[in-house]
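Structure, as structure tokens:
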Amino acid sequence: MPDGRRERLRAETTAEIKRTALELTGSGGPDAITLRAIAREMGMTANAIYGYFATRDDLVTVLIADVYTALADAVDAAWAASAQDSPAERIQARAHAFRNWAVANPEGFRLIYGDPVPGYRAPDGGAAPDAARRVCIGIAALADTAWDGAEQAYEDGDFGWDDFDPGLLDKVRPAFPALPPAGLALALRIRGHLHGLVALEIYGHLRAQTLSPDKLFRAELTQLVRSLNIDASTRV
């Protein structure tokens with residue numbers, strides 16, 4: 001078989017393995033990711049799967065890196081596209097990009113934000129250190145963007161740098177040296193507002209309560225913008 005065809009077939013099979021693993025995560029949770037289960041779904045032998053991924057942890061690491069990078073790309077693209085917009089519009093753009101990605105990729109959301117894969121040991125530095133850093137910086141950017149308007153309401157928070165994980169500070173403080181501890185606390189609160197509703201939606205906990213989770217998300221985003229004392233008149 002010519003090398004080009006062999007490489008193409010290998011790439012296609014690798015992609016199918018990863019896609020099947022995510023589908024198993026969606027239907028059975030993180031426990032469902034096993035090389036034998038994937039082989040069974042694909043009609044392959046377990047030994048054949050090992051020719052693509054030597055261990056289950058190797059596969060999980062690649063999956064997390066792929067998924068996290070896709071999320072980081074989506075929210076970073078929305079942030080960059082809104083560079084000339086108001087602080088309110090920028091926060092809305094990133095928030096909607098986060099929810100839209102999660103709704104379109106529920107299995108990926110569950111892989112990086114749900115229960116950990118049992119027994120999985122990530123490599124030193126994590127499975128997707130660059131993507132994790134980008135998402136973290138992006139969350140802090142929301143607070144930094146809003147801080148001029150939000151400072152008066154949030155500056156009295158009793159926060160110091162010792163209230164935060166050193167790893168988080170290593171990422172955020174060089175990027176936003178003027179953002180005080182109260183501003184970093186605000187970043188985490190913003191994340192809680194946005195992430196909480198999305199997680200409830202992805203895990204199906206809103207189905208019995210609302211037929212319009214998108215409307216609920218927009219309403220929460222409206223109130224968040226108003227609480228930050230930035231352009232609350234912008235339509236979300």
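The values are calculated or read from the model by the stated rules, or taken from the named source; none is laboratory data. Quantities reported herein were computed from a predicted structural model and do not represent experimental measurements. Don't worry about glycine lacking a Cβ; one is built from the backbone with ideal geometry, like all the others, and counts go over all protein chains shown. Just so you know, the surface numbers come from the protein's heavy atoms only, side chains and all, with ligands and any DNA or RNA stripped out. Shrake-Rupley method; radii C 1.70, N 1.55, O 1.52, S 1.80 Å.
Only Cα pairs within less than 10 Å get springs; with that Gaussian network setup on the chain, which residue of Gly51, Gly29, Gly108 has the largest fluctuation?
In this elastic network of the chain, the residue with the biggest mean-square fluctuation among Gly51, Gly29, Gly108 is Gly51.
Comparing Gly43, Gly114, Gly138, which has the greatest mean-square fluctuation in the GNM of the chain with Cα pairs linked when under 10 Å apart?
Gly43
For the chain, build the charge dipole from Cβ charges (+1 Lys, Arg; -1 Asp, Glu) around the Cα centre, then report which of Gly138, Trp161, Ala182 sits farthest towards its positive end.
Sorting the options by dipole projection puts first Gly138.
Averaged per residue, what accessible area in Å² does the chain show with a 1.4 Å probe, protein chains only?
53
What net charge do the residues around Glu12 carry, taking every other residue with its C-beta under 12 Å from that of Glu12, with Lys and Arg at +1 and Asp and Glu at -1?
Within the 12 Å Cβ shell, the charges total +4.
For region 4-137, just the Cα set please: Rg and Dmax, both in angstrom.
Values for region 4-137 (Cα only, Rg and Dmax): 16.8, 55 Å.
Return a whole-number percent for the relative contact order of the chain, with Cα pairs under 8 Å and 6 or more residues apart as the contact set.
20
If I compute solvent accessible area with a 1.4 Å probe over the protein chains, what percent of it on region 71-129 is carbon and sulfur?
Heavy-atom surface of region 71-129 belonging to carbon and sulfur, 1.4 Å probe: 48 percent.
What's the magnitude of the charge dipole for the chain around its Cα centre, counting Lys and Arg as +1 and Asp and Glu as -1 at the beta-carbon? Answer in Debye, nearest 20.
Charge dipole of the chain: 880 debye, to the nearest 20.
Give the whole-number value, in cubic angstrom per residue, of the convex hull volume spanned by the C-alpha atoms of region 136-191.
70
What whole-number value in cubic angstrom gives the convex hull volume per residue for the C-alpha atoms of the chain?
Here the figure is 161 Å³ per residue.
I'm a student and want to see the number: the projected area of the Cα convex hull of region 174-236, averaged over all directions, in nm².
About 5.5 nm², averaged over all directions.
Enumerate the residues in region 110-137 having an amide nitrogen under 11 Å from the point lying 7 Å beyond the Cα of Phe164 toward its Cβ.
From region 110-137, the list is 137.
Would you kindly calculate the translational diffusion coefficient of region 105-207, applying Stokes-Einstein with the Kirkwood radius from alpha carbon pairs, for 10 °C and a viscosity of 1.306 mPa s, and quote it in µm² s⁻¹ without decimals?
So the translational diffusion coefficient is about 103 µm²/s.
What are the ³J(HN,Hα) couplings of region 218-227, residue after residue, when phi is run through the Karplus curve with 6.51, -1.76, 1.60 and θ = phi - 60°? Round to Hz, x for glycine and proline.
With the stated coefficients, region 218-227 comes to 4, 5, 5, 5, 4, 5, 4, 4, 5, 5 Hz.
Comparing Asp162, Asp66, Asp130, which has the greatest mean-square fluctuation in the GNM of the chain with Cα pairs linked when under 10 Å apart?
Asp162
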